[in-house]
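Report on the structure given below.
Read-outs: derived from the displayed coordinates by stated rules, not from any lab. Quick caveat, the model's predicted, so the values are computed rather than measured. Ideal geometry is used to build each Cβ from the backbone, glycine not excepted, and the neighbour counts take in all protein chains shown.
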Amino acid sequence: MIVLVACSGGGDGDEDDAILEPDEAAPADAPDDADAGGLEATEEPAATREPATPTPQPTATSEPVNTNENVRNYAGAHALLNRDEYVQAERRFTLVIEIEPQFARGYSGRASALMGQEKYTAAIRDFDRAIELKPDLASAYAGRAVAHMAVGDILGANQDAVQARLLDPTDPNSVIVLGRILSGAGRTADAWEMFNEGVELAPDEGPAYWWRGRFLFQIGNYDLSLADLDLAIQFSPVSAQPYLDRATLYMDIFEEFELARADIEEARSLGEEPRDRDILDSSDALMERLEELEAAAAAG
């Protein structure tokens, strides 16, 4: 499961939350990057970073044996998480933790539920505890990398993503976080490689295509961006943000106003239940802009 932030709305900083804006000067294809190098980005983050929790040395550890009751609680919590019922999932994971306070995956699961509610600072605390209890838990590093991105801690995100990738090269979250960092650092070729790998690792998960589609939009490859947003919606049809991003493409690039209207209306309906103020506001703003474009086209 990809715990990427905000495929259903909300987000991890102004840049990632914003509706896509076309880059007039961007090349039409993913270019080579003369500065392509290793995976770690070295640019300083925009936000002041709080003192980081030292990363424990990853050594294999055993976890407490679960009781039958807690096995059911844990499975039920994950079922709720997979249905995007984040509040209920948080409560169920809390019950798991109360029964077995040394169970690292209980904290990691609750952190994922908190991420779904955009409670990123609380999620980081739970990921911290999971890593303290089980320093070789790759998914906790990957999840914490996403949370660090959400609060603007680029250095922390980079550190955790690299550690997660070392522990488990098959986790898509870490490579997508690295793609986002590299994209922000202007290392386009390296970012392209990471986003492609993310899709290869999670070929049936919408967020992987969504992030790559947003990246392709930013570098001006609009046809491929549209194809990825189509796939993001196909695999995650109840996530609102891909509809808004695709509507932006239809409006600003392809001038397919009826298709844009249908996507905005679908996104708004998804933002009604459960109610997501960010999605509703973004939908209304896009619809207003669409109506202006339609009026200008009619006036001719």
Every residue from the stretch 253-266 that is over 12 Å from Leu226 (Cβ atoms) and in contact (Cβ under 8 Å) with a residue 60 or more places away in the chain
none
Going through Arg125, Arg144, Arg110 one at a time, which residue ends up being among the basic types (Lys, Arg) and surrounded by fewer than 24 Cβ atoms within 10 Å (Cβ to Cβ)?
Arg125
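Scan the stretch 164-196 for residues that are of a type outside the set (Phe, Trp, Tyr) and buried (at least 21 other Cβ atoms within 10 Å of the Cβ) and report the count. It would help to see each step written out before you state the result.
Applying the first criterion (of a type outside the set (Phe, Trp, Tyr)) to the stretch 164-196 yields 164-191, 193-194, 196.
Subsequent filtering for residues that are buried (at least 21 other Cβ atoms within 10 Å of the Cβ) retains 164-165, 171-183, 187-188, 190-191, 194.
Within the stretch 164-196, residues that are of a type outside the set (Phe, Trp, Tyr) and buried (at least 21 other Cβ atoms within 10 Å of the Cβ) number 20.
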What number of residues within the stretch 97-124 are farther than 20 Å from Gly152 by Cα and outside any helix (DSSP H, G or I)?
4
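Name the residue that is nearest to the chain's Cα centre (by Cα), counting only residues in the stretch 159-188 that are of a type in the set (D, E, K, R) and within 12 Å of Leu201 (Cβ to Cβ).
My answer is Asp171.
Is it true that some residue in the stretch 125-145 is under 21 Å from Asp278 (Cβ atoms), in contact with a helix residue (DSSP H, G or I) (Cβ under 6 Å, 6 or more places away or on another chain) and either β-branched (Val, Ile, Thr) or part of a loop (DSSP other than H, G, I, E, B) (or both)? Quick ask: steps written out before the conclusion?
Initially, the stretch 125-145 is screened for residues under 21 Å from Asp278 (Cβ atoms), giving none.
No, that holds for no residue.
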